[in-house]
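Only the coordinates and a few stated rules stand behind these numbers; no lab work does. Not measured: the values here are computed from a predicted model. So basically every Cβ, Gly included, is an ideal-geometry build from the backbone, and we count neighbours across all protein chains shown.
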Amino acid sequence: MPHSSRWPRRVLAVAIALSTPAGQHLTAVAGPDDQKIVMSEGHVDSPKAFWDKGQNNFTLKSSYGDTSPVDETVSWLPHYYLQRGRNKSEQQQFIRLVTDEPGEEILGKPGQPLFWAQAVPADLKNMLWQGFGADTNIPVERFRDGSFQLDLVDFQGPGDMTFSRGGEGFPVANLLSSVRKANRSIWLTAGDHSHNDTTFTKPGRYVMKMSASARGKDGKLIQSPAQTVTWQVGGTKPSSKNIGDVKKAFDAAASHGSQTATGAKLSIAPAQREHMSTLTFATGNAGDNGTAVFYIDGHYLAEVPVKAGMAEWEEMLGAGTSSYQVVYVPSAQSVSKPWVSAPLSYDAMGAATTGETTKAGTFPTAPTRPASPTLARNDYRPTSNDVHISNKQGSAFDEFDSLTVKPKDDSLSLHVVGGLYRPGSHAPSCEVDFVSTPADRTGEYDADCAGKDLEWRLTVVPQSWVKPGATTVKVDSKANAPYALNGTAQLGNAQSAAPSAPAEEPKAEDSAAVPNKTPVTLSQGHVDIAPALTKDGLRVTIGDDTRQHSTTSVVRDPKAVTLEVREQARKVRKGKATEGSAWDFLGKPGEQYWLLPESQNKYLVWPGFSTEHLDRSTFPKGVDFEIAPGTSPAGAQWFAFKTSSLDRTPHFIADNTKTFTYPDPGHSHINWVFTAPGKYTVKVRAVPKSGSPAELSQPTPWEFITFDVKGTKGSADNGNNGDNGGNGNPNNPKPPAQPSGSSQVPSWGWVLIALGALGGLGLALWPMISKFIR
């Protein structure tokens, strides 16, 4: 069964339970998105957090080529179909079925069909793929723990929603969800940019209230006003050509028609396409024209023309019983008067294959959803600052071990980041990144690190409204006792964990017009290879959002940039993800390669291609990339490819054998694979399509993109090392010093082993012993 990217970050994250507060009655909302910017094709960051200097607070926007306030946009998930194979058979791209794999229970029941906006779709330009984002310029240096959150404050809609990533043998990361009763936050940092699977259990209009929050180093809580994030799932496209406010249009049509619609009927039946149903409205009079608006559980679904007394809409209705209604708004020349059907209960997966009603009803209203806890974002002091941390061999997922982080105050949710590191490295060999919630306190990490002399480094960060800050833990993991992590740390021991600002600040001339020529090495964070109009004409540039050398985004000259591929990128071919002959370009099972994945790993550089910021009035048909071989170490190869959410097959973009054309990608991140350490160059140029101005119609000069792959082929660490910490490279910072007051235990792994053996007595003794160690 398809999932998200086949190269997911191995993480778990946040689960959130939301619903309308008990007793609140929601009037059906229809047509309110007709004047909004509709986002339905290509890559979208929404909501994306920005910093408003005037308000000294966050604000949420949508980045869809241009940037707009999130309240002024709507994400529309239509019915996508692709033509595949010699016979051009139709293949749907918007429905996925829940499987019985571990972790899938957060999405629904096995076999349940879901609406699905894919993390990495097969058609990057014409299908919506949406994620969260955070602007590079957010001043995280001013925040406690260098951390802030995106909070889901309220939720309305006909069904349940889940933002997730993972699957296919990897842990499913539940980022935000209305399914589970845990917390409602996802932790971000400046420059973050995610690709996630977004699923909905039913079609219709969904409205979320979202906000960003942090706690300043001065102790003050920072919370932005809640803003509206809207999805139209299935149904018809919001458009200014629609009738707008349906209730007003219905009331205004009261004088239309000369007789009551006594023959009117709403019916539902299975459609020919799998998982689809047809909603049919008939007035009973061929002289009727106008508009039929369909509703599901009181929420707006679709707006369809009525012609000769008939209107139809085909939809994936999901699992379970829903209540359907239709509102008929006649034209001035129609015979029948306005009409509203009574609610029709129907289960598309139930025993009854059809349903119908001829009864008249009242205007739709959304029923009250079951109550859920209010997201209280006021200052909170835990009943205890203690957090117990332990690990064990194995998990529900093959090739993964388990880490449990359990606060004594069980109401807390905690972001757990770090992992197992080589001494001197600031990137983990086996990464940990999950959220410990009241619903689930355990995350997974790669079992490859067991049996190696590595050290645990973990940072545990509470939500912004929790009074104590993070705690930092550092513990040796001995090869002969890899599962002996068992002790207690205290929140509030890492008050100085916020990062310091990079030394270099952008110069006034740093812009697309004058790319920055200062030599830099970029080893982690978001990077775009992008065409830009410079003072010399159209050129390929590198957009640097890494914050490694500047607190703002910088447009750089490719000649001045080296993309460092850290040793942590080294992998071994094994497991389900690379089974089959399609993956033989990686080498034989057990052989090593270096991977920069298309899904972001915050410890690695993340280079992609982007044309989304080009002026489309200047380049109406866009700009393609040509990618060609440059130089490689002797006998080495490189590959650039994508893996869609629908299959596990690599779709190649380029390699070091010939010149490839990558058609105008919008915004696309890809997998980069290198078969050996050393320096590689990849030639790239931009080729404007027809319709561009004559003076900008020629291909740009070739630029060389430089990759420096670190490591030694075939080392004893079996391909899961951290990086070299930047030793000897002035552009790669040294490993950061541990924060003062952190729970450092650099050579006391034996203490945890002994305490683990003592069981409850060991836990009781740990606070006193850890204080002595510090």
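Arrange ARG616, ARG570 by Cβ neighbour counts within 10 Å, fewest through most, would you? Working shown, then result.
Working: ARG616 12, ARG570 27.
Ranked by crowding around the Cβ, least crowded first: ARG616, ARG570.
Give me a comma-separated list of calculated 3J(HN,Hα) values for the stretch 419-430, in order, Karplus coefficients 6.51, -1.76, 1.60 applied at θ = phi - 60°, integers in Hz, x for any Gly or Pro.
Running phi through 6.51 cos²θ - 1.76 cosθ + 1.60 with θ = phi - 60° gives x, 9, 10, 6, x, x, 9, 10, 10, x, 6, 10 Hz.
Test of understanding: what is the full-extension gain from ALA634 to TRP702, defined as 0.36 nm times their sequence separation minus their Cα-Cα distance?
Numbers: separation 68, 0.36 × 68 = 24.48 nm, distance 2.28 nm.
Here the answer is 22.2 nm.
Rounded to the nearest angstrom and ordered from largest down, what semi-axes does the equivalent ellipsoid of the stretch 386-490 get from its C-alpha gyration tensor (root of 5λ)? Write down the numbers at each step before the final one.
Numbers: eigenvalues 101, 45, 27 Å².
So the three semi-axes of the stretch 386-490 are 22, 15, 12 Å.
At 0.36 nm per residue, and after removing the present C-alpha to C-alpha distance, how many nm does the segment from LYS517 to ALA396 gain when stretched out fully? Don't jump to the answer; show the numbers that get you there.
Working: separation 121, 0.36 × 121 = 43.56 nm, distance 4.91 nm.
Extra length from LYS517 to ALA396 when fully extended: 38.6 nm.
Using a cut-off of 21 Å between alpha-carbon atoms, which lysines can reach LYS679, once sequence neighbours fewer than 8 places away in the same chain are excluded?
Filter leaves LYS517, LYS559, LYS571, LYS658, LYS710, LYS713.
ASP347 to GLU105: FRET efficiency via 1/(1 + (r/R0)^6), r the Cβ-Cβ distance, R0 25 Å, to the nearest 0.05? Walk me through the numbers on the way to the answer.
Working: r = 21 Å, r/R0 = 0.85.
According to the calculation, E is roughly 0.75.
Which distance in nm do the two modelled labels at ASP52 and GLN272 give, with both placed 7 Å along the Cα-to-Cβ direction?
My value for the distance between the label points is 5.2 nm.
Please say if the stretch 226-279 is rounded, prolate or oblate, where rounded means a/c under 1.5 for a ≥ b ≥ c the square roots of the C-alpha gyration tensor eigenvalues, and otherwise the choice is prolate for a/b larger than b/c and oblate otherwise? Provide the component values of the computation, followed by the final result.
Working: a/c = 2.86, a/b = 1.10, b/c = 2.60.
Oblate shape, in that a/c is at least 1.5 and b/c is the bigger or equal ratio.
Distance from a point 7 Å along Cα→Cβ of HIS651 to each backbone N in the stretch 671-692: keep the residues under 13 Å and list them by number.
671
In terms of Cα to Cα distance under 21 Å, which lysines are near enough to LYS408, apart from those fewer than 8 places away along the same chain?
LYS181, LYS392, LYS467, LYS474, LYS771
Once you order the gyration tensor axes a ≥ b ≥ c over the Cα atoms, which shape class does the stretch 520-709 get: rounded for a/c under 1.5, otherwise prolate or oblate by comparing a/b with b/c?
On the way: a/c = 1.88, a/b = 1.53, b/c = 1.23.
Prolate is the answer for the stretch 520-709, as a/c is 1.5 or above and a/b outweighs b/c.
Give the residues of the stretch 597-622 whose amide nitrogen is closer than 18 Å to a point set 7 Å from the Cα of ALA694 in the direction of its Cβ.
618-620
Once you wrap a convex hull around the alpha carbon atoms of the stretch 37-233, what is its projected area averaged over all directions, in nm²? Write out the running numbers ahead of the final one.
Details: hull surface 48.4 nm².
Computing the convex hull of the Cα atoms and averaging its projections yields 12.1 nm².
Tell me, in nm to one decimal, what length is gained between TRP583 and THR362 on full extension, where the rule is 0.36 nm per residue of separation less the Cα-Cα distance?
Working: separation 221, 0.36 × 221 = 79.56 nm, distance 5.87 nm.
Value of the extension gain: 73.7 nm.
Computed FRET efficiency, Cβ-Cβ of ALA286 and LYS574, R0 51 Å: what is it to the nearest 0.05? Please list the in-between numbers first.
Working: r = 66 Å, r/R0 = 1.30.
My answer for the efficiency is 0.15.
Using a Förster distance of 30 Å, how high is the FRET efficiency between THR661 and LYS237, based on the Cβ-Cβ distance and rounded to 0.05?
Values: r = 31 Å, r/R0 = 1.04.
Efficiency, rounded to the nearest 0.05: 0.45.
Which links in LYS109/LYS202; LYS247/LYS337; LYS53/LYS209 stretch past 20 Å when you go from one Cα to the other?
LYS53/LYS209
Under 15 Å Cα-Cα from LYS478, which aspartates and glutamates qualify once same-chain neighbours fewer than 8 residues away are excluded?
Correct list for LYS478: ASP448, ASP453, GLU455, ASP717.
I want to check the label-to-label distance for ASP440 and ASP410. Put each point 7 Å from Cα in the C-beta direction and report it in nm to one decimal.
The answer from the label model is 1.8 nm.
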